Amino acid sequence: MTDHAREALELVRDSSQFKWYVIPLLLLVVYVYSVEVERRNWNVLFGGLALWGMDLFNEIWNSLVFHVTGRAPVWGASGPTAYQLLIGLNIEICFMFAIMGVAAAKMLPPKETRIFGLPNRPVLIALNSAAAVGIEVLLNKAGVLTWDWSWWQPSFPFLIFLIGYVPFFAACFWVHDLATVRAKAIAVGTILGIDAVAVIVFGTLGWL
C-alpha cells in the first residue's frame, strides 16, 4: 500500500473528522436544486443529478481498484475534510460535483448554436473536461488529490480527461437534452439506481 493510500484510508468514515461547515454546504446544495424545482427547470435539475451520479459511479470503481490491488486507488483524497466518504471522495468533493452539474447545464446554449463552427455540445464537453483536469492537476500539486499510478499523472492527462470527466459532462448534456421529463427521470434513476446497488453490495462486502 502506498503512503498516500494509507493516509486517505485512515480518513474514510472517521466521524472525528466532522466539521460543522458541512451543514451550510449541504444547505447550499439543497438551495441550488430547490431553485431549479421552483422554476420547473427540469433540464438543469436532471442534468445536474446525472453528472453527480456519474461521479459517484467513478468513485465506486475507484474504491474497488484499491480493494482489488491493495496498492492504491486511481486517485485518493487526503488532507483536512469534514467527512471522508470513500478513499477518493470527501464530502466537499461530493457537494462540489452536485453543484458542478447544475452550473454546466445552466450554461448550455441552444443545441443549434455552433462554437468555432462546430456543434456546441461536443465542444463544451471537451472544454469543461479540460478545465476540470487543469484544476485536478493543481490539486495534485497541492498534495490533496493523490495519484500513485504511472498512467494517471499530470504528465499523461489523457485518461483523466477521457475517463475522469468526459462521461460526466456527456451524461449531463444528454440528460438535459432528452425530450421529456419522464425520459430524464428514467435516465437519472438508472444512473443513481446502479450507484445505490453498487454501494449496498460492495459496502456490505466491505470493499468500499
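The values are calculated or read from the model by the stated rules, or taken from the named source; none is laboratory data. Since the model is a prediction, treat every value here as computed from it, not as a measurement. Because the Cβ atoms are built from the backbone with ideal geometry, glycine has one as well, and the counts that use them run over all protein chains shown. Please note that ligands, DNA and RNA were not included when accessible areas were found on the heavy atoms of the full protein model with its side chains. Shrake-Rupley method; radii C 1.70, N 1.55, O 1.52, S 1.80 Å.
Some observations on this one:
- All told, Ala98 falls short of being outside any helix (DSSP H, G or I) and open to solvent by less than 20 Å² (accessible area, probe 1.4 Å).
- Conditions (1) touching a Leu at 6+ places or on another chain (Cβ under 9 Å); (2) under 27 Å from Trp207 (Cβ atoms); number of the one not met by Ala72: (1)
- Scanning the range 105-142 for residues that are farther than 29 Å from His4 by Cβ and among the hydrophobic types (A, V, I, L, M, F, W, C) turns up Ala105, Met107, Leu108, Ile115, Phe116, Leu118, Val123, Leu124, Ile125, Ala126, Leu127.
- Residue in the range 161-178 that is open to solvent by less than 70 Å² (accessible area, probe 1.4 Å) and more than 17 Å from Gly53 (Cβ to Cβ) present: yes
- Flag if Leu56 is closer than 24 Å to Leu205 by Cβ, of a type in the set (A, V, I, L, M) and open to solvent by 30 Å² or more (accessible area, probe 1.4 Å): yes
- Looking across the range 21-47 at every residue that is farther than 29 Å from Ala170 by Cβ and either touching a residue at least 12 places away in the same chain (Cβ under 8 Å) or small (Gly, Ala, Ser) (or both), the one that is least open to solvent (accessible area, probe 1.4 Å) is identified as Val22.
- Criterion violated by Leu85 - all others in (1) closer than 19 Å to Phe173 by Cβ; (2) in a strand (DSSP E or B) satisfied: (1)
- Single residue of the range 108-139 satisfying the filter (more than 19 Å from Trp174 (Cβ to Cβ), open to solvent by 70 Å² or more (accessible area, probe 1.4 Å) and at pLDDT 95 or above) that is nearest to the chain's Cα centre (by Cα): Ile135
- Of all the criteria given as (1) open to solvent by 40 Å² or more (accessible area, probe 1.4 Å); (2) farther than 22 Å from Val74 by Cα, the one not satisfied by Leu205 is (2).
- Restricting Leu51, Leu64 to those that are in contact with a Cys (Cβ under 9 Å, 6 or more places away or on another chain), open to solvent by less than 50 Å² (accessible area, probe 1.4 Å) and either within 21 Å of Val30 (Cβ to Cβ) or at pLDDT 95 or above (or both) reduces the list to Leu51.
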